[in-house]
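Where a number appears in this text, it was derived from the coordinates with a stated rule and is not lab data. Remember, it's a predicted structure, so these values are computed and weren't measured experimentally. With ideal geometry, Cβ positions are generated from the backbone for all residues, glycine too; neighbour counts draw on all protein chains shown.
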Amino acid sequence: MKKLVLLVVLCFSSVVFAQKKDKELLRIDGEVTTVSDFKRVYEKNLDAIDNEEAKDVEKNLELFINYKLKVKEAYNIKLDTLPSYVKEMEGYKNQLSAPYMQDTLFINKLVKDAYFRTKNEIKAKHILIRTPKIATPKDTLAAYKKITEIRNRIVNGEDFEAVAEETSEDPSARNDEKRKRKGNKGNLGYFSAFKMVYPFEEAAYTTKVGEVSKPFRTRFGYHILKVDSLRPSKGELEVAHILLTKQTKNAKVLIDSIYSLLEKDVQFKALARKYSNDTGSKPKGGKLRKFGSGAMVKPFEVAAFSLEKEGDYSKPFQTRFGWHIVQLIKKHPVQSFNELERELKNKVKSGDRAQLSEKAVINKLKKKYTISENEVAKEIFANEKIRTIAKDSLQSVLLSINEKKIKQEAFVNYIKNRKNKPVFELFNDFKDQEILTYYKDNLEKTEPEFANTLQEYKDGLLLFELMQRKIWEKSSKDTLGLKNHYTSNIAKYQNKEFKKVKGEVMNDYQNYLEKNWIADLRNKSAIEVNKKQLKKLIKFYNKS
């Protein structure tokens, strides 16, 4: 019921964004509806109307007047102040404003980049110099200087892998004697879109093959990387495997005997269920989750991607986990852009890339707005006990965005439970948030489409609540009125028993109540229609 009413409401709702030359069509108790406003509402629904009678301009104007009277009544009795209404509207406003917080063109570029990086895998090695979780400017500068010196050594001819093994603060780069594991010397193998944090991915794909990147920062610290190669993606694979761990007695002998059984056409699934030590995949006949390059240890990846046909299986091979045999279930080549676009867009919007799109919006707003910071008020940043400063001492204006003044108190409240960054960095985050909040709070003034949609929903919710109170609840609770309506119109129901036609009677009774209510609303209101403009409208649509 609620959805139906809201759909009907959207057909007759309006917000006036009239131009100076726009003619007045209708006035209800002094509130003006213009010709273009009515045309927008009327034309919105023409394609959905399949008979000429329903397209009649005068009839649609009467329905529009009825709608305006109902909404006006809802506001008169202050239904817009109901806590449930206010809460629902706040949630809807947040939902509706979300697309405006993203830069569409920027999102589209990120999606196209992501597709290229899905179709093409990159092989790189890196060196990391870590920064503390809460890094001071001094920490940041020290890490940057260190990574720059390391880069200079490589650019001047030293071997990247040797320098990585010596200097990188990524533990995997060095040998681990305790675990008897060799370091990777910074080598990361092949990877593609969404496999690394975005700044790392971006640096890799924007550095030419054979070159060393400029220093760049991620949440882990400062990096440099060298790109070894770029190749078309091999897509993803579905495989099953049999694993015999290192702890298995006579593992090599047993894996060879399992291979012999496969050669004799014994089913792979049955052997995996019987012999495999991988408890996660064993019940599923050894089947693993779909994966691409870089997801598995190298020997496993090489063996899996070397299989050509579905059903083919490898010879036994060894990884640090033990002995394996792999069977190819299915190959999944990279799909076309059109097939992947929606999935990529969802990944872009839900991942760390979304912050870049939001940042692009903020940067545009910074150029558009007048923003000023009070340097004197910012002196509280140096106070180590800033989070416990008394409210009365935090009343100086810290930040201004156009006419909006934001006090120190708001910033201190913002950082109360945020201790992951230095105060000066938190202030930059706070400023960005306030810019977006200001933009969001003023969307109705700056974005007519947003204002229209929001107003339609506001009025729709109010009308639903009003109809619930005035018509639907009354028709269901007023059993005497309902039966009287049945008795008065019994011929229409062909003298059928009340209980057999109760649904039809209730619908008719609701229409009867609404008709009388509308008549009462019309009697209480001053309604003026500009006959000259109405005639012009009728003539215009008759020609169309």
Pairs from Lys195/Lys331; Lys195/Lys252; Lys274/Lys298; Lys226/Lys246 whose Cα-Cα separation, in the structure shown, is over 30 Å = Lys195/Lys252; Lys226/Lys246
Taking 0.36 nm per residue of separation and subtracting the Cα-Cα distance, what length does fully extending Glu449 through Asp429 add?
-> 4.3 nm
Karplus-derived 3J(HN,Hα), 6.51/-1.76/1.60, for each residue of the range 349-354, Hz, glycine and proline x | 6, 9, x, 6, 5, 4
Where the centroid of each part is defined by its Cα atoms, how far is the range 242-259 from the range 501-516 in Å?
-> 78
Karplus-derived HN-Hα couplings along the range 426-441 (A = 6.51, B = -1.76, C = 1.60, θ = phi - 60°), whole Hz, x at Gly and Pro | 4, 5, 4, 5, 4, 4, 4, 5, 5, 5, 5, 4, 4, 4, 5, 5
Reachable aspartates and glutamates from Lys349, Cα under 18 Å, same-chain residues fewer than 8 places away excluded?
-> Asp103, Asp113, Glu201, Glu202, Glu339, Glu341, Glu358
By Cβ neighbour count within 10 Å, fewest first, Val209, Val501, Val41 rank Val209, Val501, Val41
Listing Tyr205, Tyr42, Tyr222 by rising number of other beta-carbon atoms within 10 angstrom, fewest first, gives Tyr205, Tyr42, Tyr222
Cα-Cα over 23 Å, subset of Lys445/Lys524; Lys68/Lys483; Lys391/Lys445; Lys477/Lys499 = Lys445/Lys524; Lys68/Lys483; Lys391/Lys445
For the range 140-242, which GluC sites (Glu not before Pro) are in a loop by DSSP, counting at most 15 other Cβ atoms within 10 Å?
-> Glu158, Glu177, Glu211
Sequence-distant residues sharing a close amide H with Asp170 (under 5 Å, placed H) = Leu128
What order do you get for Trp323, Trp517 when you list them from fewest to most C-beta neighbours inside 10 Å?
-> Trp517, Trp323
Per residue of the range 265-276, in order, report the coupling 6.51 cos²θ - 1.76 cosθ + 1.60 (Karplus, θ = phi - 60°) as ³J(HN,Hα) in whole Hz, putting x for Gly and Pro.
-> 6, 6, 5, 4, 4, 5, 5, 5, 5, 7, 10, 5
Considering amide H positions built from the backbone, and no H for Pro or chain starts, which residues 5 or more places from Arg181, or on another chain, come under 5 Å of its amide H?
-> Asp176
What value, in deg cm²/dmol to 500, does the helix sum -39500 (n - 2.57) over DSSP H runs of n ≥ 4 give at 222 nm once divided by the residues of the chain?
-> -15500 deg cm²/dmol
Which of the GluC sites (Glu not before Pro) across the range 434-523 are loop residues per DSSP, with 12 or fewer other Cβ within 10 Å?
-> Glu497
Where the centre of each part is set by its Cα atoms, how far does the range 159-201 sit from the range 410-482, in angstrom?
-> 47
Relative contact order, percent, the chain [alpha-carbon distance under 8 Å, six or more residues apart] = 20
Given [x] 142, 49, 44; [y] 67, 56, 51; [z] 94, 76, 52, which label gives Cα extents along the principal axes in Å as computed from the coordinates?
-> [z]
